[in-house]
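J.: Have a look at the structure that comes next, please.
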Amino acid sequence: MPGFRSDNPLIVQGDHTILAEVASPRYEDARDQLARFAELIKAPEHVHTYRVTPLSIWNACAAGVGAAEIIGALQEFSKYAIPEHVSVEIRDFASRYGRLRLVRDERGLVLSANDVPLAEQVARAKQTAPLLGTRLSPREFLISPAARGDIKQALVKIGFPAEDLAGYTSGEALAFSLRDQTLAGLPFKLRAYQQSAAAAFHASGSDRGGSGVITLPCGAGKTIVGMACMSVLQCSTLILTTSVTAVRQWMRELLDKTSLREDEIGEYSGLAKDVRAVTIATYQIMSWRAGKDGDFPHLALFNERNWGFIVYDEVHLLPAPIFRVTASLQARRRLGLTATLVREDGREDDVFALIGPRKADVPWKVLENQGWIATAQCTEVRLPMPEELKMPYAVAEARDKFRIASENPLKIHAVRAILDRHPGEPALLIGMYLDQLEALAKPLGLPVITGSTPQRKRDELFTDFREGRIRVLAVSKVANFAIDLPEASLAIQVSGTFGSRQEEAQRLGRILRPKAGLNQAHFYSIVSRDTVEQDFALKRQLFLCEQGYAYSILDGEALGAPAAHSALQ
Amino acid sequence: MKLFDIDWHGFLAKLELFHKLPVDARRFFVEQVKPSTPVSKGVLAQFREPLIASGLMVMSPTGSHANVHPECRDFSRVIRAMARSRVYASPSRDTFHFYLNDNLTTPEITALSGPGAWGRLDHHELQRVYASVCSKAWPKGFLDAQSTGWELDHASAGEPHYLSGTAVLRAAQRLVQAIAESGPVMFSRIPEILPDTAPETISGAIRATLRYLLLFPFLRHDDLEPMIGLWPGLAEKLLNKAPAQPQPVAVGEPFHAPFLMEDMVAILSACAVEPIRLRGNDMRIFEAARQGLEESLGTLPEWIEASFNCGPQARIEFALFFLGAFVYVKRAGRPGADFRLEPTREGAEWLAMRPKERLRALIDGLRGSRKKAEALFADEVMSLAPDLSAMTSRADSAKLLPFILEGFASVPGDKYLRLADFLAWQSKTNNGLAALVKKDRYFSIRLNWQHVSGLSEEETESIWGQALFNFLRGRLLPLGAVTVAVEAGQKAICLALTDAGRYLLGTAQDFDIAGDPAAHVLIQPNFDVVFLTPSARVEASLARIGERKGRHVGTLFRITKNSIFAAAAASLTRDGVLETLREHCAAGIPPNVEAEINGWFARYRQVNVQPATLIHCPDAETAARVLATLGKKAARLTDTVLELRESKIQSAVTKKLREAGIFIRT
């Protein structure tokens, strides 16, 4: 084909996806360029897929990368000529950024367009018109401070994102610092990528910084990055996270790695309502209400103190009511932390508008190569169904089929075999069905944490696990989110929900921590062969492969589990 | 002459008015305005102003309509006649004959052809006009003429002399020579070509050249500029630019793939999975099915599709035609009642062959070394050069075929020749048709459903060149017998012969299907098949294994459970699929992908559905009695249901059952 350059790694396709050939000698340079303006969609072994979207282009523009630079990078690294319409659309997307600015001057909060026709368009669009105040000039509108978030959301929806340069309130001052040594006496220092991420967010205190999202893989230390951002801002902070366990994890980390005192850190959850200079709350409590049509009483926490900084942990899980309140908090600095910007509800543009553009994003492969996160080997172990369950399975309804297959009694042998394969390695046994977990845990003598386990008991067990007194812990769905178990290197999944991508990413995130020695983590998924469980496992397999994990399939017999015809012992 | 017998000096003057018009107004004037018919103001619309301003038209005193200016009516007639002429847009006998009848009278035509056998102009003589006028000998003879006496041999009795004097003759000759050297020119440039020539002499020269069909007027398509030129293609021949023997050239973008075979495989595979429904009215496949089949075809480079007219629709038609001719598919059912296309036993056997054997079967069928099947028109479809069969009798086709084969056999395998040069050279030096015409003056061929005789040298070269091209397009290219490419830095198409081509042409006993060294294909652990470089052959090969996701380059397929089931249903084996994937995919098969493919093949089962006759008995005891009576003719399915192993119960058996007290009710 004309102009074919075999050494180059990229193929730019007409649907705005970009394929990147990993084996190409120029792959790493190309990847570093792509990370600035494209989203990584999937990363299986040989060819990674990126996509250029309006949002990814706007994120790039917010970081100072223009259309010419983006197209130049694509041209430099492409095997073939770039489809002309892709270049045109990149220029078009990029041209829309920066044409509208929100600034603050003596008149108040002003939305300013770079030309009159655009101002007219904004004035007439039904999404934005109701949010505009007095027209100050042909190109300027006064905006109510309360509508700062709403107008940014609406402008993204009509395809013209606004650059918010209106600045922030400084909030209540809070002096503290990061420690050089943790409370446990271990040396503590920010890693280079954590420092860069915090610096990118802060932008030396300018109005271009102070709001945005930092994306780092599970296990890369997003909590540390959050603390680093807090330490440069030196102000009262509200942290929102996904569960009480996560709240307490934040509290532990803050005490362990900063000079903050216990009386300066408060928990705001179903169990406690302490509002302090640094307050950590759950999304659940914030979005709780007595009835379907009632108010959200705990949202008042946002106004309880003069917060200078709000941190949204696992921002991809931000519930709708929090979005609405965030729209009114645009004068506060805001940080979203996540391993993935992909939301199941597709509200990535609201995250962009209300939290801010992506400020930092380090590919997990880079962190893996540097040894900051462990490589993970994923293995699917397939077991036959016992003879006595084949007919009940065949005649069961679809949902029951899944349960029958998941609760295959032969799985215990596979679990034992896997644990024997990895002696001494701290392991999590993860399952969806509590009866099954109990049935597996009991003969193996394992403690079990479920949704009904009291918080105090959970904390005790997690502490024992972390400190090596318990080697294997059985956990149900509660272990999915935001639990930091740094010494887990083995996870065995005996039953899962219906192939949710987010679930798989979270489960693997729980075990991806740097380990002494091999720095290798293992994830086993045990399924019943030729059943719906295997069909659902295929979705999981596809997802994990697309995340770049090595994935293999093993017959249970090879692991030492019994064949189908032998009766369950 | 009918319309062109005008004062051309006046025409050139009026041309200046025409030049004032924008193109859309010109088009309106030419197509919508008749010389003597008024045009209403409403119809004139936005063209009224420019047409009136140019002076070509005048408004009526009432202002309700406009007419062509009386002094411009000849101009209007002539320019409309030029617009009707398709001589330059589509030069052929038909457009020539149309031009002839539109512009010359019968006596004038007869004067060029000579009277026919019945004393009047007949079909054969008309053909000869084309043969003589559209041959280089015609303008050459005129250019060599020393005096106006040349006209006497070609004018009708009583006709005024167009070459009214030596000045007009010389001017006309200079005009023809200049146009032969430069190509068609604008009418407005003629005075420049004939400087120092009196206007009436220029006018006479134009008239004469048009009268004697030395030059042809037409309107340039883009801007309707009046042009004049020789019969298309004559100029080069006139200037003695004989074709040179083609030399090897450097090329890029080489392409070769037996895509006809791959297309047949794709359609046959689809039929094997599920027979394709046919329309009852015309026995063709439904549009939705056609679109589905198009998705399964390999992708050809765009320049191949454009140059050889082999887009997806044409390819499907061609492949279906071949499948039918080789009896690899058959129609089953009845129109309106499950009318469908399904594979035959021969088709299934062919599908199960390895690619080389499949291709060999096709080539052998075409070469006639295979027993021809009984399908309708099989001989034509399966002939090596169907163009020849359409053009001539079977005996003459057999005489012409060796020229075609010999011509292409001279194409090297390791070097590329420019296709245009090759066709011109072969048409000049190895022209089977010219050889036959030379032997028999009245030799005729079928051209566009007409019998045509008296072929000129140029015509035989043109027809032969087209026959060669059609052989390339219809046989060599789709069977992977040639590699075509684009000349480096140019746009010229080039060709080289492959092993399969030598086998097809009969100069080799065997062949290898060449690999595709440029193909770089990867299988991802997420089951995507990614093409980093395009390869029609590999794409066609993998289309049977994966679900299509894209074309040319990128993620082209995804291997899924359903695609593997479909492959199994199309008689592919697990080992065959894995072997194909390993052969084409650079980094091998990821272990999880291989494990899943193995698992899916293991789950594939085929069941047969057939009608059965069941005997339902009221109780087990009755069933036992019936079974005892029928013996091996029945089998017990359940306690009370028996299956009859024969299609119906014989009367003797019925009688026995009755004797046992068992009466059958159907």
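The values are calculated or read from the model by the stated rules, or taken from the named source; none is laboratory data. As the structure is a prediction and not an experimental result, all values here were calculated from the model. Using ideal geometry, Cβ is built from the backbone for each residue, glycine included, and neighbour counts are taken over all protein chains shown. Ligands, DNA and RNA are excluded from the accessible area calculation, which covers all protein heavy atoms including side chains. Shrake-Rupley method; radii C 1.70, N 1.55, O 1.52, S 1.80 Å.
J.: Among (1) open to solvent by 20 Å² or more (accessible area, probe 1.4 Å); (2) assigned to a loop (DSSP other than H, G, I, E, B), there is one condition residue A:464 misses while meeting the rest; what is its number?
T.: Among (1) open to solvent by 20 Å² or more (accessible area, probe 1.4 Å); (2) assigned to a loop (DSSP other than H, G, I, E, B), the lone unmet condition for residue A:464 is (2).
J.: Still on this structure: When you look at residue A:205, is it open to solvent by less than 20 Å² (accessible area, probe 1.4 Å), of a type outside the set (Lys, Arg) and touching a helix residue (DSSP H, G or I) at 6+ places or on another chain (Cβ under 9 Å), yes or no? Quick ask: steps written out before the conclusion?
T.: Numbers: open to solvent by less than 20 Å² (accessible area, probe 1.4 Å): no; of a type outside the set (Lys, Arg): yes; touching a helix residue (DSSP H, G or I) at 6+ places or on another chain (Cβ under 9 Å): yes.
Spelling it out, it is not the case that residue A:205 is open to solvent by less than 20 Å² (accessible area, probe 1.4 Å), of a type outside the set (Lys, Arg) and touching a helix residue (DSSP H, G or I) at 6+ places or on another chain (Cβ under 9 Å).
J.: Can you confirm whether residue B:558 is open to solvent by 10 Å² or more (accessible area, probe 1.4 Å) and either without any contact (Cβ under 8 Å) to a residue 12 or more places away in the chain or away from chain A (no Cβ under 14 Å) (or both)?
T.: Numbers: open to solvent by 10 Å² or more (accessible area, probe 1.4 Å): yes; either without any contact (Cβ under 8 Å) to a residue 12 or more places away in the chain or away from chain A (no Cβ under 14 Å) (or both): no.
No, not satisfied.
J.: Same structure, new question: Residues that are at pLDDT 90 or above: list the strands (runs of 3 or more DSSP E) wholly contained in region A:358-439 that include at least 3 such residues.
T.: Numbers: elements: A:358-361, A:375-383, A:427-430.
Qualifying strands (runs of 3 or more DSSP E): A:375-383.
J.: Go through region A:297-317 and give me each residue that's under 12 Å from residue A:230 (Cβ atoms) and under 23 Å from the mean Cα position of the chain (by Cα). Before you say what the answer is, go through the steps one by one.
T.: Step one: filter region A:297-317 for residues under 12 Å from residue A:230 (Cβ atoms), giving A:307-311.
Answer for region A:297-317, where residues must be under 12 Å from residue A:230 (Cβ atoms) and under 23 Å from the mean Cα position of the chain (by Cα): A:309, A:310, A:311.
J.: Those residues that are loosely packed, with under 11 Cβ neighbours inside 10 Å and either polar (S, T, N, Q) or touching a Phe, Trp or Tyr at 6+ places or on another chain (Cβ under 8 Å) (or both), I need them from region B:639-649; list them, please. Please lay out each step first, then the result.
T.: Our first condition is that a residue be loosely packed, with under 11 Cβ neighbours inside 10 Å; within region B:639-649, this holds for B:647-648.
B:647 - this is the single residue of region B:639-649 that is loosely packed, with under 11 Cβ neighbours inside 10 Å and either polar (S, T, N, Q) or touching a Phe, Trp or Tyr at 6+ places or on another chain (Cβ under 8 Å) (or both).
J.: May I pose another question? Pull up region B:237-290, narrow it to residues that are within 14 Å of chain A (Cβ to nearest Cβ) and open to solvent by less than 40 Å² (accessible area, probe 1.4 Å), then point me to the one that is nearest to residue B:543 (Cα to Cα).
T.: That would be B:255.
J.: Can you run down the residue pairs with Cβ atoms below 7 Å, 6 or more apart or on separate chains, where the first is in region B:597-624 and more than 12 Å from every other protein chain (Cβ to nearest Cβ) and of a type in the set (A, V, I, L, M, F, W, C) and the partner is open to solvent by 80 Å² or more (accessible area, probe 1.4 Å) and not in a loop (DSSP other than H, G, I, E, B)?
T.: Partner pairs satisfying both residue conditions: B:601/B:574; B:623/B:636.
J.: From the list A:209, A:266, which residue is out of contact with any strand residue (DSSP E or B) (no Cβ under 6 Å at 6 or more places or on another chain) and under 19 Å from residue A:173 (Cα atoms)? Reasoning before the result, please.
T.: Values: A:266 fails: out of contact with any strand residue (DSSP E or B) (no Cβ under 6 Å at 6 or more places or on another chain).
Just a single option satisfies the conditions, and that option is A:209.
J.: Can you pull out the residues in region B:573-593 that are open to solvent by 30 Å² or more (accessible area, probe 1.4 Å), over 15 Å from residue A:47 (Cβ atoms) and within 14 Å of another protein chain (Cβ to nearest Cβ)?
T.: The answer is B:591, and nothing else.
J.: What do you reckon, is residue A:56 open to solvent by less than 10 Å² (accessible area, probe 1.4 Å), under 25 Å from residue A:543 (Cα atoms), more than 14 Å from chain B (Cβ to nearest Cβ) and hydroxyl-bearing (Ser, Thr, Tyr)? Don't jump to the end; show me each part of the working.
T.: Numbers: open to solvent by less than 10 Å² (accessible area, probe 1.4 Å): yes; under 25 Å from residue A:543 (Cα atoms): yes; more than 14 Å from chain B (Cβ to nearest Cβ): yes; hydroxyl-bearing (Ser, Thr, Tyr): yes.
The answer is yes for residue A:56.
J.: Test of understanding: among B:635, B:570, which residue is surrounded by 16 or more Cβ atoms within 10 Å (Cβ to Cβ) and away from chain A (no Cβ under 12 Å)? Spell out the reasoning first.
T.: On the way: B:635 fails: surrounded by 16 or more Cβ atoms within 10 Å (Cβ to Cβ).
On inspection, the qualifying residue turns out to be B:570.
J.: On to the next question. From B:75, B:28, which residue is closer than 20 Å to residue B:223 by Cβ, touching a residue at least 60 places away in the same chain (Cβ under 8 Å) and of a type outside the set (Asp, Glu)?
T.: Details: B:28 fails: touching a residue at least 60 places away in the same chain (Cβ under 8 Å).
Testing whether each residue is closer than 20 Å to residue B:223 by Cβ, touching a residue at least 60 places away in the same chain (Cβ under 8 Å) and of a type outside the set (Asp, Glu) leaves just B:75.
J.: Same structure, new question: Within 25 Å of residue B:312 (Cα to Cα), more than 28 Å from the chain's Cα centre (by Cα) and touching a residue at least 60 places away in the same chain (Cβ under 8 Å): does that describe residue B:587? Working first, answer last.
T.: On the way: within 25 Å of residue B:312 (Cα to Cα): no; more than 28 Å from the chain's Cα centre (by Cα): yes; touching a residue at least 60 places away in the same chain (Cβ under 8 Å): yes.
No, not satisfied.
J.: Additional query: Need pairs with beta-carbon distance below 8 Å; first residue small (Gly, Ala, Ser) and within region A:121-148, second assigned to a strand (DSSP E or B); sequence gap 6+ or separate chains.
T.: These pairs meet every condition: A:123/A:135; A:123/A:141; A:133/A:141; A:133/A:142; A:133/A:143; A:144/A:109.
J.: Regarding region A:190-197, can at least one residue be identified that is in a helix (DSSP H, G or I), touching a residue at least 60 places away in the same chain (Cβ under 8 Å) and of a type in the set (A, V, I, L, M)?
T.: Initial filter on region A:190-197 (in a helix (DSSP H, G or I)): A:192-197.
Still in the running and touching a residue at least 60 places away in the same chain (Cβ under 8 Å): A:193, A:196-197.
In the following step, the residues that additionally are of a type in the set (A, V, I, L, M) were identified as A:197.
The answer is yes, given that some residue of region A:190-197 is in a helix (DSSP H, G or I), touching a residue at least 60 places away in the same chain (Cβ under 8 Å) and of a type in the set (A, V, I, L, M).
J.: Another question about this same structure. Residue check: is residue B:203 outside any loop (DSSP other than H, G, I, E, B), under 17 Å from residue B:79 (Cα atoms) and either modelled with pLDDT under 90 or touching a His at 6+ places or on another chain (Cβ under 7 Å) (or both)?
T.: yes
J.: Pick out the one residue from B:548, B:473 that is closer than 29 Å to residue A:15 by Cβ, open to solvent by 10 Å² or more (accessible area, probe 1.4 Å), more than 14 Å from chain A (Cβ to nearest Cβ) and of a type in the set (D, E, K, R).
T.: Of B:548, B:473, the one residue that is closer than 29 Å to residue A:15 by Cβ, open to solvent by 10 Å² or more (accessible area, probe 1.4 Å), more than 14 Å from chain A (Cβ to nearest Cβ) and of a type in the set (D, E, K, R) is B:548.
J.: Please work out which residue is least open to solvent (accessible area, probe 1.4 Å), limiting yourself to region B:100-120 and to residues that are at pLDDT below 80 and over 15 Å from residue B:155 (Cα atoms).
T.: Per the criteria, the residue is B:116.
J.: Next question, about the same structure. Being of a type in the set (A, V, I, L, M, F, W, C), open to solvent by 10 Å² or more (accessible area, probe 1.4 Å) and within 14 Å of chain B (Cβ to nearest Cβ), is that true of even one residue in region A:82-95? Please lay out each step first, then the result.
T.: Applying the first criterion (of a type in the set (A, V, I, L, M, F, W, C)) to region A:82-95 yields A:82, A:86, A:88, A:90, A:93-94.
Now restrict to residues that are open to solvent by 10 Å² or more (accessible area, probe 1.4 Å): A:82, A:88, A:93-94.
In the following step, the residues that additionally are within 14 Å of chain B (Cβ to nearest Cβ) were identified as A:82.
For region A:82-95, residues of a type in the set (A, V, I, L, M, F, W, C), open to solvent by 10 Å² or more (accessible area, probe 1.4 Å) and within 14 Å of chain B (Cβ to nearest Cβ): present.
J.: Taking only region A:109-120 into account, find how many residues are loosely packed, with under 15 Cβ neighbours inside 10 Å, in contact (Cβ under 8 Å) with a residue 12 or more places away in the chain and not β-branched (Val, Ile, Thr). It would help to see each step written out before you state the result.
T.: So in region A:109-120, the residues loosely packed, with under 15 Cβ neighbours inside 10 Å come out as A:114-117, A:120.
Those left that are additionally in contact (Cβ under 8 Å) with a residue 12 or more places away in the chain: A:114-116.
Checking which are not β-branched (Val, Ile, Thr) leaves us with A:114-115.
Adding up the residues that qualify gives 2.
J.: Filter region A:1-24 down to residues that are without any contact (Cβ under 8 Å) to a residue 60 or more places away in the chain and closer than 16 Å to residue B:587 by Cβ and give me whichever is most open to solvent (accessible area, probe 1.4 Å). Let's see the steps before the verdict.
T.: First pass over region A:1-24, keeping only residues without any contact (Cβ under 8 Å) to a residue 60 or more places away in the chain: A:7, A:15, A:17-24.
Adding the requirement that they be closer than 16 Å to residue B:587 by Cβ leaves A:19-24.
Working: A:19: 4, A:20: 2, A:21: 14, A:22: 49, A:23: 86, A:24: 11 Å².
By that ranking, first place goes to A:23.
J.: Select from region B:206-229 the residues that are part of a loop (DSSP other than H, G, I, E, B) and open to solvent by 20 Å² or more (accessible area, probe 1.4 Å) and write down the one among them that is nearest to residue B:189 (Cα to Cα).
T.: To start, the set of residues in region B:206-229 that are part of a loop (DSSP other than H, G, I, E, B) comprises B:212-215, B:220-225.
With the extra rule that they be open to solvent by 20 Å² or more (accessible area, probe 1.4 Å), the set shrinks to B:220-223.
Working: B:220: 14, B:221: 18, B:222: 18, B:223: 16 Å.
For region B:206-229, the residue satisfying everything is B:220.
J.: Right, here's the next one. Of all residues in region B:469-495 being assigned to a loop (DSSP other than H, G, I, E, B) and touching a Ser or Thr at 6+ places or on another chain (Cβ under 7 Å), which is nearest to residue B:262 (Cα to Cα)? Show your work before the answer.
T.: In the first step, residues of region B:469-495 are kept if they are assigned to a loop (DSSP other than H, G, I, E, B); the result is B:477-481, B:488-492.
Narrowing the set further to residues that are touching a Ser or Thr at 6+ places or on another chain (Cβ under 7 Å) leaves B:480-481.
Numbers: B:480: 10, B:481: 14 Å.
Only one residue fits best here, namely B:480.
J.: Looking at (1) at pLDDT below 80; (2) within 24 Å of residue A:249 (Cα to Cα), find the lone condition where residue A:313 falls short.
T.: With respect to (1) at pLDDT below 80; (2) within 24 Å of residue A:249 (Cα to Cα), residue A:313 is out only on (1).
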